[in-house]
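Visitor: Structure provided below as structure tokens; questions to follow.
Every read-out reported here was derived from the displayed coordinates using simple, explicitly stated rules and does not represent laboratory data. Remember, predicted model here, so these are calculated numbers, not experimental data. Here the Cβ positions follow ideal geometry from the backbone for every residue, glycine too, while neighbour counts run over all protein chains shown.
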Amino acid sequence: MKHRRLTTILLGLGLIGGLSVAAAFWQSDRLLNQLLRPLVERTASARLAAEVRIGRITLKDATFLVSEVSVNHPDHYSLSLPRTAIGLSPSGLLARRIDRLYLSQPALELQAGPRAPSCDGPLQVPDWGVTRLEITGGRYTYRTADRRYSLDQIQVETGSGAPFPFRASARIGEAPGLALEVRGSGSWGARQRITLEHLQVGGRQLIVAPLQVTLPQADGPLVSGTLTLE
């Protein structure tokens with residue numbers, strides 16, 4: 001009798017636990033996709049002056065999985081992100097830092113148009129940092145009235161630090177295209193700089209000394225640096 005009663009109690013607790021987990025999952029799914037997703041769409045659309053659409057948001061192991069994101073600004077640019085993973089942690093949230101940002105097959109297309117008004121001062125770096133950024137299978141296209149420039153199979157890996165390292169590869173032009181490989185480091189601060197230590201196109205190394213590029217400054221040129229070729 002005692003064994004049967006104990007079994008009944010355990011089954012009841014298991015059922016209650018299962019229902020609680022199912023209810024929590026349903027509530028989290030409802031919170032993410034019926035409340036958070038429309039809010040993010042509206043906020044992003046207003047800030048970017050573009051149409052922003054998000055397919056679905058799910059949460060798994062402290063990682064937000066976002067699918068089918070599209071950003072469209074007619075006659076200017078379009079961006080599609082089939083799959084995005086945003087990894088967060090309590091310490092990262094307190095430090096306003098994303099632990100991992102993964103973009104799968106992002107596609108960005110820009111169209112030549114009227115020149116945008118210039119802005120004074122250095123680039124505005126987002127308040128949120130990214131400890132690790134990964135991009136796989138990316139595509140970039142720039143269109144003019146009579147030309148099309150493209151980068152395909154874009155792969156990017158970068159981490160945090162001062163300076164932070166990065167490496168990237170891509171194919172230039174129509175298939176099969178020329179192989180492009182880049183490695184270097186960057187830093188943000190009063191002087192925003194990128195240092196290219198390795199630049200190889202079509203199997204040929206183009207620089208024999210590091211190339212330093214200074215991003216826009218209030219009192220300086222748009223881009224400055226030293227390039228040494230073979």
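Visitor: Which stretch or stretches of the stretch 93-110 have amide N atoms under 14 Å from the point lying 7 Å from Ala44's Cα along the Cα→Cβ direction?
Guide: 102-104, 106-108
Visitor: Using a Förster distance of 41 Å, how high is the FRET efficiency between Leu36 and Arg143, based on the Cβ-Cβ distance and rounded to 0.05?
Guide: Efficiency for this residue pair is about 0.75.
Visitor: Taking loop as defined by DSSP and a crowding limit of 11 other beta carbons within 10 Å, which trypsin sites (Lys or Arg not before Pro) in the stretch 40-73 fit?
Guide: Numbers: sites: Arg42, Arg47, Arg53, Arg56, Lys60; in loops: none.
Of the trypsin sites (Lys or Arg not before Pro), not one in the loops of the stretch 40-73 has a Cβ with at most 11 other Cβ atoms within 10 Å.
Visitor: Give a residue-ordered list of calculated ³J(HN,Hα) values for the stretch 41-53 (Karplus: 6.51 cos²θ - 1.76 cosθ + 1.60, θ = phi - 60°; whole Hz; x for Gly, Pro).
Guide: Per residue, the Karplus-derived 3J(HN,Hα) values read 4, 5, 5, 5, 4, 5, 6, 8, 6, 9, 8, 10, 10 Hz.
Visitor: Convert each backbone phi in the stretch 142-156 into a coupling constant with the Karplus relation 6.51 cos²θ - 1.76 cosθ + 1.60 (shift: θ = phi - 60°), then list the ³J(HN,Hα) values in order as whole Hz, x for Gly and Pro.
Guide: Working through the residues one at a time gives 10, 10, 10, 4, 10, 9, 9, 10, 9, 10, 10, 6, 6, 10, 9 Hz.
Visitor: Need one number: nm distance between label points at Glu51 and Ala85, each 7 Å from Cα along Cα→Cβ, rounded to one decimal.
Guide: It works out to 3.1 nm between the two label points.
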